[in-house]
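Data first, discussion second: the structure below is written as structure tokens.
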Amino acid sequence: MRRAAGRVGPVLALYGTLKLIGFAGFMFLLHLAGDYRRKNPRFGGGEHPWDVLTSWDGWWYQKIAAHGYDPALVPVPGATGQIRLEGNSAAFFPLYPALIRLVSEVTGLGLYGAGLTVSVIASFVAALGIYAVTECLAGRRAGLAAAGLWAVWPGSGVEWAVYSDSLYVALAAWTCHAVMRRNWLSAGLLAFLAGLNRPTAAALIAAVAVAALLALRRRRDGVLRPVAAMAVAPLGLLGYLGWVGHRMGDYGGYFKLQSGAWAHEWDYGRQTLDVLTSVPVGHADYHVPFPFADMIGVGVVLLAFALLPLLVRLRPPAVLTVYTVLTIVLVLGSQQIFSNVSRYLLPLFPLFVPLAVALRRLSRAHLCTLLGMAAVASGSYAGYALFELGVP
């Protein structure tokens, strides 16, 4: 126990301290601006600054935890634009709201407190997973730096909010670690759970499948365990999509709902290209512009493109490369409200590795100072910009 505490204690302490700094900055900016008082509680508003943490998607997750699902494709009367269907809870995957309901029932907390509890705990589990993956590749000091980067990365404001992102990244990181350790059954089960949490788990499932096929080719782990991982991994994602389609009477119903109610659909990157060519020249004639948040999103996209070759140069395991590339393709190849792209790209934790390799050369004091400065700034670029100056 002492050895385990000595190993993970610094990781948890660094991540928790950085998140507290960023969270406090976020709450201070909300209090200072006061704009949340004039907004609808569903859309970035509330009576207190911390009420913002349960707005936007958080409102839907609480509704699912309280009342369950009612999948349907309901046309908006007289609609002629992109929004042709009424939004409903079927767009949000079930694992996170199920955990909210479970924690609420067990602890007696309200849905807000239960949701925040799940997210905060999952964020620490994700920090440990990111540390474990990076340590395998580049050593303990790099792992510590990567866990710190998880606390301050653009989009990290949702890590301590009633959002499913922390839970997904925790599952993704530990899935990749299980594959790297050749624990195939664990990897398949974790990918199965990730598929119950969000649709972009398709990238993680594909990464597990590629790694399993490579293991079969090399004949290192037999046949049964890699094949079992490939078989189990997609069942959560396919099962939920199939259930929603069955309830709607249309097995493509989930995708029709996303397109018709949320204007979120595969467009081969046209929307992303439009934003990337508009924001740098000050134009805002693209789909749902939010100038400040979109500028941050453009920076995140460019950062991802810059770090990806550096990651590939390190020759990481195939599971990390495939997961990273496919996540980028799924996110940037879809039409969406661009201001939330920093959140959608938050799961790209393998991109932390090349930065962590560079940061490991710093002393612990210099590393903490640098990350601490980023944590102070993250209250704005990772929290306030996301929830109040855009749509998370």
Failed criterion for residue 85 (all others in (1) in contact with a strand residue (DSSP E or B) (Cβ under 9 Å, 6 or more places away or on another chain); (2) open to solvent by 40 Å² or more (accessible area, probe 1.4 Å); (3) of a type outside the set (Val, Ile, Thr) hold): (2)
query: What pairs come up if the first residue lies in region 244-263 and is touching a residue at least 40 places away in the same chain (Cβ under 8 Å) and charged (D, E, K, R), the second is open to solvent by 70 Å² or more (accessible area, probe 1.4 Å) and outside any helix (DSSP H, G or I), and their beta carbons are under 8 Å apart, counting only those six or more places apart or on different chains?
result: none
message: What are the pairs with Cβ atoms under 8 angstrom where one residue, in region 84-100, is in a loop (DSSP other than H, G, I, E, B) and the other, located anywhere, is among the basic types (Lys, Arg) and open to solvent by 10 Å² or more (accessible area, probe 1.4 Å)? Sequence gap at least six, or different chains.
response: 93/198
message: Please pick out the residue among 9, 45 that is at pLDDT below 95 and buried (at least 16 other Cβ atoms within 10 Å of the Cβ).
response: 45
- prompt: Name the residues in region 316-363 that are at pLDDT below 95, open to solvent by 10 Å² or more (accessible area, probe 1.4 Å) and part of a loop (DSSP other than H, G, I, E, B), would you?
  reply: 337, 360, 361, 362, 363
- request: Would you mind stating whether residue 24 is within 21 Å of residue 162 (Cα to Cα), surrounded by 13 or more Cβ atoms within 10 Å (Cβ to Cβ) and of a type in the set (Gly, Ala, Ser)?
  value: yes
Segments classed as helices (runs of 4 or more DSSP H), wholly inside region 166-248, with at least 3 members that are open to solvent by less than 40 Å² (accessible area, probe 1.4 Å), touching a Ser or Thr at 6+ places or on another chain (Cβ under 8 Å) and not polar (S, T, N, Q): 184-195, 201-218
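Say we look at region 249-266 and pick out the residues that are part of a loop (DSSP other than H, G, I, E, B) and not acidic (Asp, Glu); which of these is surrounded by the most Cβ atoms within 10 Å (Cβ to Cβ)? First the steps, then the outcome.
Of all residues in region 249-266, those part of a loop (DSSP other than H, G, I, E, B) come to 249-252, 263-264.
From the residues that got through so far, the ones that are not acidic (Asp, Glu) too are 249, 251-252, 263-264.
Values: 249: 10, 251: 12, 252: 12, 263: 17, 264: 20.
The extreme case among them is 264.
The values are calculated or read from the model by the stated rules, or taken from the named source; none is laboratory data. Worth saying up front: this structure is predicted, and the values here are computed from it rather than measured. Here the Cβ is made from the backbone with ideal geometry for all residues, glycine too, and neighbour counts use every protein chain on show. The protein model used for the area step is the full one, side chains on, heavy atoms only, and it has no ligands, DNA or RNA in it. Shrake-Rupley method; radii C 1.70, N 1.55, O 1.52, S 1.80 Å.
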